[in-house]
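Colleague: Submitted below is the structure of interest, expressed as structure tokens.
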Amino acid sequence: MRRSASQLQAGIFLSYLNIAAQALVSLIYTPFMLRILGQGEYGLYELSYAFISYLNLLSFGFNSAYLRFYARLRAVEGEQAAASLNGMFLTVFACLAGLCAVLGAILTANAGSLLGAQLTGAELGRVRRLMALMVLNLCFTFLSSVLECFLTAHERYAFQRSLVVLYTLLQPCLSLPLLLLGLQSVSLAAAAALLSALRLVAEAVYCARRLHLPVSFHGMRFSLLREIAGFSFFIFLNMLVDQLGWAMDKFILGLKCGPEEVAVYAVACNVSTLYLMLSTSLSSVFAPRVNIMAALEQNSRLFDLFTRVGRLQCLVLGLFLSAFLLFGRPFLTLWAGPEYGGSYPTALLLMGASTVPLIQDIGAEILRAENRHRFRAVMLLICAAGNACLTVPLSARFGAQGAAFATLIAALVGNVGILNWYYRARLGFPMRRYWKSLAGLLAPVLASLVLGASLAALFPVDGLVQLLAAGAIYAVIYAALVYAIGMNEDEKRLVHTLVRPFLKR
């Protein structure tokens, strides 16, 4: 029990450490990489990745179902049944890796007919090399899926999350020398494939020597796959929604506008990803509490938690979004380069599209706990398809900004309109009270924007030092106003709890 608790604490710490590492890599490594590659070359990389990433869907969400079935078989039928399940999953994912290799080879061979309209002959050759390496990387990922699930089932978070942190930090360390040697975007794909292979070997050695992974290829119950497929289907729909949500936009932009516009959109996506990480790292820690409340049918407490977490996420996201609104253009010029000026409005549109889904992120946990996640999965799939249809004409006319605007419209219809109706009609949440509670936070955010805009007008940002100073001053202004006129007493007590240990030290 003590080892399990220490593993859990290590896993939480390493998860946040990985978020910090990803942010650090984005802020320090990405500018060097963008300047070495250039806009067109980076666009080729992102276009190739967006296309090949659809092969991720071949997992069908089976790896998400592993933990549930492994725990049940091991508890009810013993180690032999669990070993047979491991053998079956290893067999299935080996076949999926083979299928991925075959389909990837077909896609790579036909890259000219699929992507060649906006590419030169030399660019098409690099795209083929990129796609081949990305397919190889994906095959390694499929093979390691069962091992990662097995590590999770045995709560070996320290080893598992340490590998993730190492992967995040080693990828730029390996790819940057290759970039300097002139290997261009191929170096990024080669570094990722090599690290995935090393990660697979490390997991296999650890599972074999330290955990003695029980694997049996006798008595495999492939009839169980039908039950697993039924459980995994709506997980697969969520994967499909995510894929349509970001990869399709890059794919359409590549066909309609060329790799330069894909690069502009990709830089905006990098900023939006940091925005997303700020929210999901907060809501994920409440998942166990949500499941307990749902099991006890404590609907009013679920709504209170829904509102409380939404307000906290709104406060955190409000700082990031308002600061980017004020200082995002000079930040992108310094960080990515002047040729990425179009990434500023694109990033604002993408962050606007994700704001309501992020402040209501815990709602997805509530729906899963209530076994009502099917409606959300189907609805978001329909909205994603509508988003893709709308992206075609808008991206052809307005480029990356048009694709981001289509995403904003789909989010307003699905996540703001339909999903908020569902929370009220099916879960009985008083959504007017929810939005009224969040509206009370608008005053300090707007006041902060007015003061921040005045600051930016008086002291124009034209260098890194000025940008950092302006950002720090704005963060202090925002925190002071939010604390004084935005937070309720519970939120102020939470701030006191977090700050008091630092003040004592």
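Colleague: Taking only the Cα atoms of segment 333-384, how large is their convex hull per residue, in Å³?
Modeller: That works out to 97 Å³ per residue.
Colleague: At 4 °C and 1.567 mPa s, what whole-number value in µm²/s does Stokes-Einstein give for the translational diffusion of segment 389-477, with Rh from the Kirkwood sum over Cα pairs?
Modeller: Here the translational diffusion coefficient equals 77 µm²/s.
Colleague: Something else about it: Rounded to a whole number, what % of the accessible area of segment 376-449 do carbon and sulfur atoms account for, probe 1.4 Å?
Modeller: Of the solvent-accessible surface of segment 376-449, carbon and sulfur hold 70 percent.
Colleague: In addition: Considering all projection directions equally, how large on average is the shadow of the alpha-carbon convex hull of segment 134-197, in square nanometres?
Modeller: Projected area, direction-averaged: 4.2 nm².
Colleague: A further question follows. Going toward the positive end of the dipole of segment 359-451, with +1 on Lys and Arg Cβ and -1 on Asp and Glu Cβ, which of Leu367, Phe405, Ala443 do you reach last?
Modeller: Comparing the listed Cα positions along the dipole, Leu367 ranks first.
Colleague: Oh, and also: Could you tell me which of rounded, prolate or oblate describes segment 296-393, using a ≥ b ≥ c as the square roots of the eigenvalues of the alpha-carbon gyration tensor, with rounded for a/c under 1.5 and, failing that, prolate when a/b is larger than b/c and oblate otherwise?
Modeller: oblate
Colleague: Can you pull the percent of Cα pairs in segment 308-357 with separation above 16 Å?
Modeller: Tail of the P(r) past 16 Å holds 43 percent of the pairs.
Colleague: Okay, next question. For segment 425-502, max minus min Cα coordinate along each principal axis, in Å, sorted largest first?
Modeller: Projected onto its principal axes, the Cα set of segment 425-502 covers 51, 34, 21 Å.
Colleague: Next question. In segment 176-242, which chymotrypsin sites (Phe, Trp or Tyr not before Pro) are in a loop and have at most 13 other Cβ atoms within 10 Å, using DSSP for the loop call?
Modeller: Phe217, Phe222
Colleague: Then there is this: Using only the Cα atoms of segment 333-436, what do you get for the radius of gyration and for Dmax, in Å?
Modeller: 16.2, 49
The values are calculated or read from the model by the stated rules, or taken from the named source; none is laboratory data. Being a predicted model, the structure only gives us computed values, none of them experimental. Cβ: placed from backbone, ideal geometry, glycine included. Neighbour counts: every protein chain shown. For the accessible areas, the whole protein counts, side chains as well, though only heavy atoms, and no ligand, DNA or RNA atoms are used. Shrake-Rupley method; radii C 1.70, N 1.55, O 1.52, S 1.80 Å.
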